[in-house]
Amino acid sequence: MQLTDKVAIVTGAARGIGFDIASKLSEEGATVLLIDKEESELSKAVQLLTNLKRNVQSYVLDVTDDFAVMSFLDQLRESNIKVDILINNAGISPKVDGVRRETHTIPINEWEQVLKVNLTAPFLFTKGVLPIMMEKGWGRIVNISSVAGRQASKIAGSHYAATKSALIGFSRTVASEYGKYGITVNNVAPGRIESKMAEMATEQVAENFLRQVPLGKSGTPQDVSSAVLFLCSEGANYITGATIDVNGGIYMN
Amino acid sequence: MNDEFIGKVVVVTGAGTGLGRWIAEGFAKAGAHTIITGINLDECMDVAGGLQECQGKVIARQMDVTNLSEIKDTLQFVIDEFSRVDVLVNNAGLVWKRKALEVDEEFFDQMNAVNVKGAFFVAQTFGAQMVQQQSGKIINITSAAGKLIRKGLANPIYNMNKGAINMMTKALAEEFSQYHVNVNAIGPGYFETGPVKERFVNPAVYETVIESTPLGKIGQADDIQGTALFLGSKLSDFITGQIIYVDGGRTIL
């Protein structure tokens, strides 16, 4: 096991990609703190992992609630939980009947909500864990970006695309600031992955997208979590500020 | 990754020294049958000699990538021996350095013959076998120097050669995607190989490199092995046409 004695936080961990990341990290021996706002889904997720004898804890938390996030992080410090790994996975991509809003119709409150979940929350968690990681001289932060942050978004709205590009710039800069403390900060940018978020798009939208994917299929949450696990492993010790694109070739970096 | 490579057949070019040697050692130690190819058979035999305790067969083989019939013969040898090729690490390359105004036709042609033409025909030859198998992973070795140029660090022909490898990676990824053959590249920064160590004899050069590397260190064998094994494994099945920079963060600055 590669991550014995490590403590990891995964946001948006109740289902989909986030759940699979939590599962992989805990399978490798890490103690994983699963964070999600969906209480019943989260408790099911934790039950599933507990049944597999994994070391997991759950925290019901709305990541857009700055105060709640900060008091969660304070609580970690007080209880002396030393976080080694942070996976900023929680994200939203609002659609109307399976189709994105065009930019001139995006309400400002929706814009702000997307920025809060997809960008401000990763900032708050990163800010909160950096001092812990600096003390240890070791840390791994992985932000889940998107192919929508790499090229014009085909399915998600412009707010989602803006946050996913922003995460890449954020990661690069944090990586350059904290490399000297043995902390790496990288992104995984998934393309179309079988998940609840992907299912929100109409079949027509999905088909049009898949036609452009060289490997000709959607990825699975496992394809994404494998890349995340790799970035958390010793094998990726010399990679920082990078973005690993897990997209079947639709965007080639 | 565990035992995924046991029984797999891995061919590494330029494996007698440097990064190629380390990558070959990584696959051999992971249990793969590993074919150590290089222009200097003695060096390859040395590398293979040190790996005879490994679970898979480790075989040295003379192959000059500028000699198309040697490439074909090597493929035939591998097929006769193992009936398949699972991973090609297309690593052989020259790292000669000259300013543009000092480049003559001979220098240009020699660099191009190894770094571009050789790399292409190796990928084509082994790729044809993978296409026939409907499976395989090609890992090209490009360089941080294929992405960016810093003040005082231009090496025009090498920069051009590695830029060509980047586009070759994407074009082959697209063409081979329908045959379930993934093509990706690794872009190393500074690693502690022979030619780099020679340059670091000058402490000023070493200091400059360390200062411009966020992680503040030079890459070692396991740093390149981790990414090569990841890209050679099923963990990266949904990743194709990508370049992963293993450079301590150099290319983000």
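The values are calculated or read from the model by the stated rules, or taken from the named source; none is laboratory data. Everything numeric here is computed off the predicted structure, so don't read it as measured data. Methodologically, a virtual Cβ is constructed for each residue, glycine included, from the backbone with ideal geometry; neighbour enumeration extends over all protein chains shown. All accessible areas refer to the heavy atoms of the entire protein, side chains included, with ligands and DNA or RNA removed. Shrake-Rupley method; radii C 1.70, N 1.55, O 1.52, S 1.80 Å.
Residue separation of A:THR173 and A:ASN80 scaled by 0.36 nm, minus their Cα-Cα distance, works out to 30.7 nm of gained length. Here, the stretch A:123-223 yields an orientationally averaged convex hull projection of 7.3 nm² when only Cα atoms define the hull.
Taking the empirical scaling 2.2 N^0.38 Å for compact globular proteins as reference, the stretch A:4-157 has a Cα radius of gyration ratio of 1.08. Spatially, the stretch B:3-82 and the stretch A:50-80 are offset by 48 Å when compared through their Cα centroids. Note on the stretch B:127-227: semi-axes of the ellipsoid equivalent to its C-alpha gyration tensor, largest first and rounded to whole Å, are 32, 15, 10. Of the cross-linked pairs B:LYS72/B:LYS234; B:LYS29/B:LYS97; B:LYS117/B:LYS162, those separated by over 22 Å at the C-alpha level are B:LYS72/B:LYS234; B:LYS29/B:LYS97. Here, the stretch A:38-89 has an Rg and a Dmax of 12.4, 33 Å when only alpha carbons are counted. Among the helices of chain B (complete DSSP H runs), which have Cα atoms covering no less than 20 Å along the helix axis and a Kyte-Doolittle mean of at least -0.5? Membrane-span-like by this rule: B:68-82, B:119-133, B:156-177.
Per-residue ellipticity at 222 nm computed for chain B from its helices equals -13500 deg cm²/dmol, with DSSP H segments shorter than 4 residues left out and the rest contributing -39,500 (n - 2.57).
Please list B:LYS117, A:LYS44 in order of solvent-accessible area, largest first, computed with a 1.4 Å probe with all protein chains present.
Result, largest first: A:LYS44, B:LYS117.
Computed from backbone phi with θ = phi - 60° and the Karplus coefficients 6.51, -1.76 and 1.60, the 3J(HN,Hα) list for the stretch B:238-253 is 9, 10, 8, x, 10, 10, 9, 8, 10, 9, x, x, 3, 6, 8, 7 Hz; x is used for glycine and proline. For the protein assembly as shown, dividing the convex hull volume of the Cα atoms by the residue count gives 154 Å³ per residue. The mean sequence separation of alpha-carbon pairs under 8 Å and at least six residues apart, normalised by the residue count of the stretch B:1-158, gives a relative contact order of 22 percent. Chain B packed on chain A takes about 2800 Å² of accessible surface away from a 1.4 Å probe, both sides summed.
Projected over all directions and averaged, the alpha-carbon convex hull of the stretch B:47-92 occupies 3.7 nm².
Burial annotation for the stretch B:223-246: residues with an accessible-area loss of at least 40 Å² between the isolated chain and the complete set of protein chains, computed on heavy atoms with a 1.4 Å probe, are B:ASP223, B:PHE230, B:LEU235, B:PHE238, B:ILE239, B:THR240, B:GLN242, B:ILE244.
On a per residue basis, the protein assembly as shown carries 42 Å² of accessible surface, using protein heavy atoms and a 1.4 Å probe. Modelled spin-label separation between A:SER71 and B:ALA100, with each label point placed 7 Å from Cα along the Cα-to-Cβ direction: 6.2 nm. Considering only beta bridges that DSSP places wholly inside the stretch A:67-192, some 10 percent are antiparallel.
In units of the compact-protein estimate 2.2 N^0.38 Å, chain B shows a Cα radius of gyration of 0.96. Using just its DSSP H runs of length 4 or more, each adding -39500 (n - 2.57), chain A gives a mean residue ellipticity at 222 nm of -13000 deg cm²/dmol after division by all residues.
GNM remark for chain B: springs join alpha carbons under 10 Å apart, and the peak mean-square fluctuation among B:ASP86, B:ASP104, B:ASP46 falls on B:ASP104. Using the Karplus relation 6.51 cos²θ - 1.76 cosθ + 1.60 with θ = phi - 60°, the per-residue 3J(HN,Hα) values for the stretch B:143-155 come to 6, 4, 6, x, 10, 9, 10, 10, 3, x, 10, 6, 9 Hz, with x marking Gly and Pro. Stretched out straight at 0.36 nm per residue, the stretch from A:MET134 to A:LEU210 would grow longer than its current Cα-Cα span by 23.1 nm. Counting only residues at least eight positions apart within a chain, or on another chain, the lysines with an alpha carbon under 16 Å from that of A:LYS82 are A:LYS6, A:LYS127, A:LYS136. Summing Cβ point charges (Lys, Arg +1; Asp, Glu -1) relative to the Cα centre of the protein assembly as shown gives a dipole of roughly 620 debye. Carbon-plus-sulfur accessible fraction, the stretch A:2-84 (probe radius 1.4 Å, protein heavy atoms only): 47%.
Could you check how much of the accessible area of chain B is carbon and sulfur, as a whole percent, using a 1.4 Å probe? Carbon with sulfur: 52 percent of the solvent-accessible area. Amide H contacts for B:ALA185 (H built 1.01 Å from N in the peptide plane; partners 5 or more residues away or on another chain; cut-off under 5 Å): B:ASN140, B:GLN242, B:ILE243, B:ILE244.
In chain A, the DSSP beta bridges split such that about 5 percent are antiparallel, to the nearest 5.
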